[in-house]
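Structure, as structure tokens:
The values are calculated or read from the model by the stated rules, or taken from the named source; none is laboratory data. Please read these numbers as outputs of a predicted model, since none were measured by experiment. Cβ coordinates were reconstructed from backbone atoms using ideal geometry, including for glycine residues, and neighbour counts include every protein chain displayed. The protein model used for the area step is the full one, side chains on, heavy atoms only, and it has no ligands, DNA or RNA in it. Shrake-Rupley method; radii C 1.70, N 1.55, O 1.52, S 1.80 Å.
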Amino acid sequence: MADRPVSSVPVAPAGLSRRAQWFIETEGVRVCRRDVARHRDVWLGHGIPVTEIDRAAAFQDRWGGLALPPAPFYEGGPRVLAAGCPSGTPTEGWSFRAGDCRVSMAYGFMIGPDGAFGIDADRWTPLHASTDGWVESLALAAHARRWATTVTRVKREAVDSLDLGGFEPVPEVQGVTDTWWRGKDSLIAVYRGEAEGLDAPQCLEAHVYSGLDEWGLYGG
């Protein structure tokens, strides 16, 4: 079966915030979407469970072929979201690639056994509880950069010294190791994935978006 031609103008999947929908449809590009169903018989022959093949196919149907602007961390994130061949064991669970890296990295982007979006480095490290959360995080970063009066990068030990009193987690990003926090006039993105996945505390980083009004905090 041939890869499916698609319009280059993406339509955002259902269930996202309006901000994320706008981000995908105005900033994203849809390229040719590989049809993973054509690998089904080969993957079954290699002992991959049908449930895992179906899971990869569902990811491809929802996200496959979507190219988004670079992420502010993780060297820009995946170039194009695309499901790879599932790998794993019944004991450890099954994962599959979420898309190729933009540059040469010490890890790859993966969808974990429970559907989390994360990186496969020295160990599997979930960043967000789902791919939706990753995309929501990208959309929120783009929105915050546009409306903040200042953006400050905080690194290493200083991240753990950030005062999050009066802040609340931003639920739509479904943070696991990476989290977003909303205060009265600022947003804070904390990126812990590389620090945990590579056992490298020096990779810990946070971005503080300050001077936000109501629209900057909640818009979209």
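In table form, for the structure just shown:
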{"item": "Positive dipole terminus of the stretch 67-220, leading residue within 211, 165, 96 (C-beta point charges)", "result": "211"}
{"item": "Radius 13 Å from Cβ of residue 103, net charge of other residues (Lys, Arg +1; Asp, Glu -1)", "result": "0"}
{"item": "Å² per residue, accessible surface of the chain at 1.4 Å", "result": "48 Å²"}
{"item": "Karplus (6.51, -1.76, 1.60) ³J(HN,Hα), θ = phi - 60°, over the stretch 126-137, in Hz, Gly and Pro reported as x", "result": "x, 9, 9, 5, 7, 5, 3, x, 4, 5, 4, 5"}
{"item": "Accessible carbon and sulfur surface of the stretch 120-220 relative to its total accessible area, %, 1.4 Å", "result": "50 percent"}
{"item": "Between the stretch 160-220 and the stretch 22-101, the alpha-carbon center distance in angstrom", "result": "26 Å"}
{"item": "Solvent-accessible surface (1.4 angstrom probe) belonging to residue 104, in square angstrom, nearest 10", "result": "120 Å²"}
{"item": "Sorted largest first, extent of the stretch 123-220 alpha carbons per principal axis (Å)", "result": "39, 29, 22"}
{"item": "Surface share of carbon and sulfur [accessible, 1.4 angstrom probe, percent] for the stretch 1-103", "result": "56 percent"}
{"item": "Phi-based couplings in Hz for the stretch 78-91 (Karplus 6.51, -1.76, 1.60; Gly and Pro marked x)", "result": "x, 5, 9, 5, 6, 6, x, 5, x, 9, x, 9, x, 7"}
{"item": "Sequence-distant residues sharing a close amide H with residue 102 (under 5 Å, placed H)", "result": "77, 79"}
{"item": "Accessible heavy-atom area order of 123, 34, highest first, probe of 1.4 Å", "result": "123, 34"}
{"item": "Principal-axis tilt of helix 18-27 within the chain, Cα atoms, nearest 10 degrees", "result": "70 degrees"}
{"item": "Residue-by-residue Karplus 3J(HN,Hα) for the stretch 147-153, coefficients 6.51, -1.76, 1.60, Hz, glycine and proline x", "result": "10, 6, 7, 9, 10, 10, 9"}
